[in-house]
Amino acid sequence: MSRMPALFLGHGSPMNAIEQNEYSDAWIELGKTLPKPKALLCVPAHWFTRGLKINDSLAPKMVYDMYGFPDALYRVAYPAPGSPEIAQQAAHLLRTRATIDNSWGLDHGSWSVLLRLFPNADIPVFQVSVDATAPADEHFALGEALRPLRKEDVLILGSGNVVHNLRMVDWERSGGYDWAQTFDSYIKENVIQRAFDNVLQYQRAGSSAQQSVPTPDHFFPLLTVLGASDSGDSVRVLTEACVLGSLSMTGYLFQ
């Protein structure tokens, strides 16, 4: 039986939504090759909640959850419809673990990549939060529970960064610090080998893990995508790079 992909993207700066660069270009090209889904389920780093939340709004609002950027970024619109029916289906798969919450909307972790992948904004979209109270293995189990939606033509998208340490960003640096490169390579090797336990136990990477994942909000969306992947999937590494010293733009496609 065919299934929609599961996808993790390193979204990086919200400026990727309006700038032409190697990442925005790669997402545009990727969108041309992806099958058109019935709905998009997004797990964005920036909806970081106490307890697991799902939004089922008919028309998700735009959330401009960033500060100090050019005015043009705050005028970006991505007027995709919501998907209440499939959101409710997702909530059913998660049983009592998730509650409906429409106080949030599409934040830049979602719209900055979606408008590159699917610029027509004609595919219904809803979000599942990153639960700040749940450990790594529960975020992986979340993906396992949501995996059946892929056979219902739902594309599962995690948006975050494997390496995300804003306190150590160097705006003048093009590549990554040694520790960022080390951790990004550790995760890549284990994702490709499907040694997912080593990704869940990412502290096994040593000191680079603490520097790369000071908080779990940007890393855990990857774990949900890994859980949603299937043993029959091929794995493709996307936009493999570390930037600004302490951010990774590396992404993965399971198809």
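The values are calculated or read from the model by the stated rules, or taken from the named source; none is laboratory data. The structure displayed is predicted, hence computed values, not measured ones. With ideal geometry, Cβ positions are generated from the backbone for all residues, glycine too; neighbour counts draw on all protein chains shown. Accessible surface is based on the protein model in full, side chains and every heavy atom, while ligands, DNA and RNA are left aside. Shrake-Rupley method; radii C 1.70, N 1.55, O 1.52, S 1.80 Å.
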Fill in the blank from the handout: Scanning region 1-53 for residues that are charged (D, E, K, R) and in a loop (DSSP other than H, G, I, E, B), the one most open to solvent (accessible area, probe 1.4 Å) turns out to be Arg50
Handout entry: Residue list for region 108-138, restricted to those being crowded, with 24+ Cβ neighbours inside 10 Å and closer than 18 Å to Pro5 by Cα
Key = Ser110, Val113, Leu114, Val125, Phe126, Gln127, Val128
Practice task
Scan region 182-191 for residues that are over 16 Å from Thr224 (Cα atoms) and in contact (Cβ under 8 Å) with a residue 24 or more places away in the chain and jot them down.
Solution key: Thr182, Phe183, Asp184
Fill in the blank from the handout: Scanning region 145-160 for residues that are in a strand (DSSP E or B) and either in contact with a strand residue (DSSP E or B) (Cβ under 6 Å, 6 or more places away or on another chain) or surrounded by fewer than 23 Cβ atoms within 10 Å (Cβ to Cβ) (or both) gives Val154, Leu155, Ile156, Leu157, Gly158, Ser159
Problem - Filter result (open to solvent by less than 70 Å² (accessible area, probe 1.4 Å) and assigned to a loop (DSSP other than H, G, I, E, B)) within region 189-213 - result: Ala195, Gly206, Val213
Fill in the blank from the handout: So, first residue within 16 Å of Ala26 (Cβ to Cβ) and of a type in the set (A, V, I, L, M, F, W, C) in region 227-241, second residue open to solvent by 40 Å² or more (accessible area, probe 1.4 Å) and not in a loop (DSSP other than H, G, I, E, B), Cβ within less than 9 Å, six or more apart or across chains; the pairs are Val237/Lys188; Val237/Ile192; Ala241/Glu22
Exercise for the section: Taking Glu240 as the residue in question, decide whether it is at pLDDT below 95 and either among the charged types (D, E, K, R) or under 16 Å from Asp137 (Cα atoms) (or both). Expected result: yes
Handout entry: Filter result for Phe69 (surrounded by 14 or more Cβ atoms within 10 Å (Cβ to Cβ), among the aromatic types (Phe, Trp, Tyr) and over 19 Å from the mean Cα position of the chain (by Cα))
Key = yes
Practice task
Look at region 214-255 and say how many of its residues are among the hydroxyl-bearing types (Ser, Thr, Tyr), touching a helix residue (DSSP H, G or I) at 6+ places or on another chain (Cβ under 8 Å) and surrounded by fewer than 17 Cβ atoms within 10 Å (Cβ to Cβ).
Solution key: 0
Completion exercise
Filtering region 72-91 down to residues that are closer than 27 Å to Ser13 by Cβ, open to solvent by 50 Å² or more (accessible area, probe 1.4 Å) and not in a loop (DSSP other than H, G, I, E, B) yields Tyr74, Arg75
